[in-house]
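Novice: There's a structure below that I have some questions on.
The values are calculated or read from the model by the stated rules, or taken from the named source; none is laboratory data. In this text, all values refer to a predicted model and were calculated from it rather than measured experimentally. Here the Cβ positions follow ideal geometry from the backbone for every residue, glycine too, while neighbour counts run over all protein chains shown. Just the protein is used for accessible areas: all its heavy atoms, side chains included, with ligands, DNA and RNA removed. Shrake-Rupley method; radii C 1.70, N 1.55, O 1.52, S 1.80 Å.
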Number of protein chains: 4
Amino acid sequence: MFASDNSSGIHPRVLEAIARANQGHAVSYGADEWTERAHALLRSLFGAGATPFLTFNGTGANVLGLSVVTPPYGSIVCTDCSHVATDECGAPERILGAKVSTVDGHLGKLSPDQVERFVSNIGVQHHNQPRVVSVTQPTELGTLYEVAELREIAAAAHAAGMRVHMDGARLANACAALDMEPRTLTADVGVDVLSFGLTKNGAMGAEAVIVFDAEIARDLAYQRKQQMQLASKMRFLAAQFVAMLEDDLWLRNAANANRMATRLADGIESIERVAGVYPVQANAVFAEVPHEMIASLQERHYFYVWEPDRPTVRWMASYDTTDAVVDDFVQAIREEGDAL
Amino acid sequence: MFASDNSSGIHPRVLEAIARANQGHAVSYGADEWTERAHALLRSLFGAGATPFLTFNGTGANVLGLSVVTPPYGSIVCTDCSHVATDECGAPERILGAKVSTVDGHLGKLSPDQVERFVSNIGVQHHNQPRVVSVTQPTELGTLYEVAELREIAAAAHAAGMRVHMDGARLANACAALDMEPRTLTADVGVDVLSFGLTKNGAMGAEAVIVFDAEIARDLAYQRKQQMQLASKMRFLAAQFVAMLEDDLWLRNAANANRMATRLADGIESIERVAGVYPVQANAVFAEVPHEMIASLQERHYFYVWEPDRPTVRWMASYDTTDAVVDDFVQAIREEGDAL
Amino acid sequence: MFASDNSSGIHPRVLEAIARANQGHAVSYGADEWTERAHALLRSLFGAGATPFLTFNGTGANVLGLSVVTPPYGSIVCTDCSHVATDECGAPERILGAKVSTVDGHLGKLSPDQVERFVSNIGVQHHNQPRVVSVTQPTELGTLYEVAELREIAAAAHAAGMRVHMDGARLANACAALDMEPRTLTADVGVDVLSFGLTKNGAMGAEAVIVFDAEIARDLAYQRKQQMQLASKMRFLAAQFVAMLEDDLWLRNAANANRMATRLADGIESIERVAGVYPVQANAVFAEVPHEMIASLQERHYFYVWEPDRPTVRWMASYDTTDAVVDDFVQAIREEGDAL
Amino acid sequence: MFASDNSSGIHPRVLEAIARANQGHAVSYGADEWTERAHALLRSLFGAGATPFLTFNGTGANVLGLSVVTPPYGSIVCTDCSHVATDECGAPERILGAKVSTVDGHLGKLSPDQVERFVSNIGVQHHNQPRVVSVTQPTELGTLYEVAELREIAAAAHAAGMRVHMDGARLANACAALDMEPRTLTADVGVDVLSFGLTKNGAMGAEAVIVFDAEIARDLAYQRKQQMQLASKMRFLAAQFVAMLEDDLWLRNAANANRMATRLADGIESIERVAGVYPVQANAVFAEVPHEMIASLQERHYFYVWEPDRPTVRWMASYDTTDAVVDDFVQAIREEGDAL
């Protein structure tokens, strides 16, 4: 299945960790040893100044993270394909009251000058005040921001008095692809608050908001509870973090997904009438394919149509995707194409 | 530990079900076989007209359930000790915009005449319009509504054009204690929407909104997503429901917790200076104890102080509480009392 | 009519000022000379550190003022009869997301120890964080806080890290009754943000939020616009302030209303079966009257039944209530009583 | 001044009506004779099935009107230059929780196919559900929808299960320009809810939500109060409606503003380096002018720069703009142009 990396299941070591954490009673809501251990691992990854808050899912992490960097009269600047703009059923607007202000992305990415264009709204009482830029790394189109790009966006944002949020639901794939420490791609380039996801990368369901400024983190615990993202049996979210972060499982998983996407992209290169759309830099392959082959191909390996018009499809590789499955899929694409 | 039933871990059969559901890929967000099976089991419990929506946690289930029975200008009538009023950091107000209107509970319960008093607000534009009564069964004080009481409250609510929500985070304990079908305590008495919890009863983290009126259920999927309660790897929430509901594990677990609470209540009856506060009808024991013994007793078996003034403590029994642990705790209470 | 002080019309001098402001074009949204003059008058009344924001109505002023002193996870502590709790159809909850936490008032007033009881919620993530105490001066029951009472409440609030909001929809009546400067009853006792009303006192419709801390005021302009309280033709709100504040019209109006309430209270003292309920300290008289006389008395001079049970009625005097009208009303009460 | 039509003052007859309404006491919050008369006039204009709700300002009317046609998980489809999208500091998002989904306007107008593109979101739980199309008549660019265009948009919206909202802050200018009854441009083309403004057209501050479907109107009174748009001394809002609607003052005022805009557009036609941008169909003239002449021209007759880049300026004619002022402005433009 190439539908989504969240179609995958739980990595065996994550399930083992959950089982190990299942010993007797533990104080609920995060005052337990597993949460302490998870927090310590996150601080060692992201820096001693990082404050983590575990959440249930990615939308929850995004909204919670944004809630501490924008007031209701603020606007959240992001590209028109970002998850917070298109795939959260308006959770940011409802929960925060703020405006999601989208700009056209180039290969899914926004640029510093697009941030600067919002400066003219500052101080004008009729307009939402730009307060945060939200970037997605890797983007929803499977492309990557380079470090210099992120640094320039953050500089433009900070110069305008804005904060920087990163949707890192797949940050692992970026770290693996760029061979960079997570801190290098976040705190070091000027990210103020991060959504860090493990669910798509082998966890059962575990995400975190990482805050890089203690002042921002002060009241986040209340926000998490009020936003319905506080787990009572927190140790089982924490155990997933421990399993994934100890021994770099999160990076190995992501590296495999990236490799499989590249293998798939390479495999289809020679297939006529099928063409890649964006550079394959993480674990997503977007391709234009003849409309007639979609249904039968989906029956062999399920995936989603991204844009019905051209049409464009999205094929996501996962932490557990194998060479054999990719090769079979490439073969299927070739056969379905030939059959037209 | 008698701190809370959510201090307990995962029942082994629940963990096994999660492991069994962990086979290959599955379409995310609920279009999978486990979710289908969980829904079928819930419909068999609550009636063919019941529509279930799985959520992450109890606050999420309560707010989501209430969101389809009150507009922002509505009020949610409940007792002053109910979870939606005191323990959700204002999630109902923030997410729904509605007012939580509390009345003094008697043994944690509200009465039909307290509902009727809100009728005078109907049609007055300055006042929140009473739209839903929220009852908790068993109550936060460990007491139970009888069927006749629920029926009268629902009748009063419906007569006033209001809906009835039940916070059933511990509904299993009520069903076990009263030896009644869940349908008898919900749909049959006039409940319109239910929060049905498993987390405190042996699950890792799995709750559901059950809607008994198809009209109400129509747009609930969007509400769930926007309220950040839609799990991507839904099958693992669903598997918990399957394990708990198949073969009545949920009832056996709850029955054990109830028995242990009664055993504890019986055990302390003869201890001087320690006195039960409310009738023990489910799995909670509230007791007044001398202030001086609390700290040392907490070191032996942890629990929470409920009201610091008198002081009153809360002792929660859990699905995995054993006779031996209860007896040891009773012994500890006796010793700490004697040591004063 | 003794229904409400907002049943009264516009004082002739207010209407004259609106007419005077109606000269040619003026830049909209507050950048005009009348607004500048109104702001200057408000600063001269409330101190140079006071920042005013004009609004349309009292609910708008209350919610806007509260919006800068509580986050969504905060709670607003006030008495159960305060306007923000009972008469704004839940606007605070909807617009702010915060909880309105009511305490039983004594003669409509709250006490410092009622504030202190919320301290135990501080730092507990499950509970709304107490962030602001809202007092009403005079209260909804026509009683007055003394300066010392206000100072103690503010001290308790500030000690707990809370702010103090005053609903001063009738502050003029308090100033007139106590013969005190508005600053003495607000900034000097520790009020952080004030709703200052003129509508009930002779204006057509003009209220203001007065902020006593520049830090709080920083982003209030955006809040006002987003909360739909920014008037385009602001000069006509401002002109009402100018007319009322120049030459102390606001105090003379309020003094008359207070005198008429006292005259009414004195007049009914000797009437059998009619009894005053609260001390008459401003412009409201509450009385218990026989149920049988209410309808016929309302036909002669309209008023509202406050509590149907006992029953209790409310008689409000206004800036334009005359001796003759009060005396006629007293006579009517006597006659209706005799007729029973 | 050509800054905005809300820079104008109050028409003398409106002020007279306010003075006439200022007789003695009246029951507040709308239960008075003037409100009854205003409602009757509005029903005679918009049809017997129209239900009016008076509000303070245009943002209030827009948000209140939209509140009864979209749930929080809905989206409001409108052009990127519409007032609800750009000039309300995010009030729709904050108050409604819904998403404002903008499309590129052509001459400020949206087209039926842009509505149809949202149909693919229907039923997908990840996306806001399209529930209402909001059109502005005349548009923010001073252009007009023809009746056929409106009818097609409404048909597309209704076919998709969406409602139609019209921002008619300047509907009078459309009615005057097209010589059409207001009903013809609203209810008859399929508009479900209308914001009908008088403030820019000679009132002091008076707007209304007009609902064309009784079902929608049912709970609007509570929404208005909770959204802080309920005036206590309602008769003075109502009096403005009476003065404007009796004897067609609203149409004569609008016709004058339209004529003055046309006179201005005609006047600048022969001026070099100054060029009109959009068809002048109501009371707005947009022109590209040399950057160097803006400041000195603004000193002679104030106006706003619309887009600093090209640059484009906006000149608004008002109900009280005279031939002489227009001619003087044209002369000023010519002189400033020549002086370059």
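Novice: Tell me, what are the semi-axes, in whole angstrom and largest first, of the equivalent ellipsoid of chain C as set by the roots of 5 times the Cα gyration tensor eigenvalues?
Specialist: 33, 27, 17
Novice: At 0.890 mPa s and 25 °C, plugging the Kirkwood radius over alpha-carbon pairs of region B:249-339 into Stokes-Einstein gives what diffusion coefficient in µm²/s?
Specialist: D, rounded to a whole number, is 187 µm²/s.
Novice: Could you work out the mean count of beta carbons from other protein chains within 10 Å of each residue's beta carbon in C:69-79?
Specialist: So the per-residue partner count for this stretch is 4.
Novice: Order the peptides A:184-190, C:329-335, B:272-278 from the highest to the lowest mean number of other Cβ atoms within 10 Å of their residues.
Specialist: In decreasing order of mean packing, A:184-190, C:329-335, B:272-278 become A:184-190, C:329-335, B:272-278.
Novice: Okay, next question. With a 1.4 Å probe and every protein chain left in place, tell me how much accessible area D:Ile122 has, in Å² to the nearest 10.
Specialist: 70 Å²
Novice: Another question about this same structure. May I ask you to find the residues of region A:205-246 that are shielded by at least 30 Å² of accessible area once the whole protein assembly is considered instead of their isolated chain (probe 1.4 Å)?
Specialist: A:Asp219, A:Tyr222, A:Gln223, A:Lys225, A:Gln226, A:Met228, A:Leu230, A:Ser232, A:Lys233, A:Phe236
Novice: Would you mind working out the magnitude of the charge dipole of region B:12-245 relative to its Cα centre, with +1 at each Lys and Arg C-beta and -1 at each Asp and Glu C-beta, to the nearest 20 Debye?
Specialist: With Lys and Arg at +1 and Asp and Glu at -1, about 660 debye.
Novice: With a 1.4 Å probe and all protein chains in place, put A:Arg218, C:Arg252 in order of accessible area, largest first.
Specialist: A:Arg218, C:Arg252
Novice: Could you please state, rounded to a whole Å, how far the C-alpha centre of region A:84-142 is from the C-alpha centre of region C:98-160?
Specialist: Taking the Cα centre of region C:98-160 as reference, the centre of region A:84-142 is 39 Å away.
Novice: To continue, here is another question. How big, on average over all directions, is the shadow cast by the Cα convex hull of the protein assembly as shown, in nm²?
Specialist: That works out to 52.4 nm².
Novice: With a 1.4 Å probe and all protein chains kept in place, how do D:Cys78, A:Cys81 rank by accessible area, largest first?
Specialist: The ordering from most to least exposed comes out as A:Cys81, D:Cys78.
Novice: Give me a single rounded figure for A:275-282: the average over its residues of other chain Cβ atoms within 10 Å of their Cβ.
Specialist: 0
Novice: Here's another thing I want to ask about it. So what J values fall out for region B:202-215 if you push phi through Karplus, 6.51 cos²θ - 1.76 cosθ + 1.60 with θ = phi - 60°, rounded to Hz, Gly and Pro as x?
Specialist: Coupling constants for region B:202-215: x, 7, 7, x, 7, 9, 8, 9, 10, 10, 9, 9, 4, 4 Hz.
Novice: What's the buried accessible area, both sides, between A and C using a 1.4 Å probe, rounded to 100 Å²?
Specialist: 1700 Å²
Novice: Label region D:97-254 by shape, choosing from rounded, prolate and oblate, from the square roots a ≥ b ≥ c of the eigenvalues of the Cα gyration tensor; if a/c is under 1.5 it is rounded, and otherwise prolate applies when a/b is larger than b/c, oblate when it is not.
Specialist: oblate
Novice: Counting only protein heavy atoms and using a 1.4 Å probe, what share of the accessible area of region B:12-245 belongs to carbon plus sulfur, as a whole percent?
Specialist: Its accessible area is 49 percent carbon and sulfur atoms.
Novice: Let me ask something additional. Given charges of +1 on the Cβ of Lys and Arg and -1 on the Cβ of Asp and Glu, with all other atoms neutral, how large is the dipole of the protein assembly as shown about its Cα centre, in debye to the nearest 20?
Specialist: Roughly 0 debye for the protein assembly as shown.
Novice: Then there is this: What relative contact order, as a whole-number percentage, does region B:15-171 give when Cα pairs under 8 Å and 6 or more residues apart are counted?
Specialist: Relative contact order of region B:15-171: 20 percent.
Novice: Modelled label-to-label distance, B:Asp323 and D:Ala48, 7 Å Cα→beta-carbon offset: nm?
Specialist: Between B:Asp323 and D:Ala48, the simple spin-label model gives 8.0 nm.
Novice: Right, next: Using the Cα atoms as the points, what is the convex hull volume per residue of region D:1-138 in Å³?
Specialist: 163 Å³
Novice: For n ≥ 4 DSSP H runs only, could you compute -39500 (n - 2.57) per run for chain B, divide by its residues and tell me the 222 nm figure to the nearest 500?
Specialist: Rounded to the nearest 500, it is -11500 deg cm²/dmol.
Novice: Tell me the relative contact order for region A:151-204 as a rounded percent, counting alpha carbon contacts under 8 Å between residues six or more apart.
Specialist: 45 percent
Novice: Over all residues in A:193-199, what is the mean tally of Cβ atoms on other chains that come within 10 Å of each residue's Cβ?
Specialist: Per residue, the average neighbour count from other chains is 1.
Novice: Roughly speaking, what is the centre-to-centre gap between region C:200-216 and region D:58-80 when only Cα atoms are used, to the nearest Å?
Specialist: 29 Å
Novice: Please list C:His25, D:His106 from largest to smallest accessible area, probe radius 1.4 Å, with all protein chains kept in place.
Specialist: So, going from the largest accessible area down, we get D:His106, C:His25.
Novice: Next up: What's the Cα-based Rg to Rh of region D:176-231, Rh via Kirkwood?
Specialist: 1.02
Novice: Something else: Quick one: which residues, 5 or more positions from B:Trp306 or on another chain, have an amide H under 5 Å from its amide H? H modelled 1.01 Å from N in the peptide plane, none for Pro or chain starts.
Specialist: For B:Trp306, the qualifying residues are B:Thr312, B:Val313, B:Arg314.
Novice: Counting only heavy atoms of protein chains, what accessible area per residue, in Å², does the protein assembly as shown have with a probe of 1.4 Å?
Specialist: Per residue, the protein assembly as shown has 33 Å² of solvent-accessible surface.
Novice: I'd like the Karplus ³J(HN,Hα) series for region A:68-77: coefficients 6.51, -1.76, 1.60, θ = phi - 60°, whole numbers in Hz, and an x wherever there's a Gly or Pro.
Specialist: 9, 10, 9, x, x, 8, x, 10, 9, 8
Novice: So for chain B, averaging the separation of alpha carbon pairs under 8 Å that are six or more residues apart and normalising by length, what relative contact order in percent results?
Specialist: Averaging sequence separation for qualifying contacts and normalising by length gives 24 percent for chain B.
Novice: Near the amide H of B:Thr79, under 5 Å away, which other amide H atoms are found, from residues 5 or more places off or on another chain, if H is placed in the peptide plane?
Specialist: Those lying under 5 Å, H to H, from B:Thr79 are B:Val103.
Novice: For region D:192-201, just list the computed ³J(HN,Hα) in residue order, Karplus coefficients 6.51, -1.76 and 1.60, θ = phi - 60°, integers in Hz, with x standing in for Gly and Pro.
Specialist: 8, 8, 10, 9, 10, x, 10, 4, 6, 10
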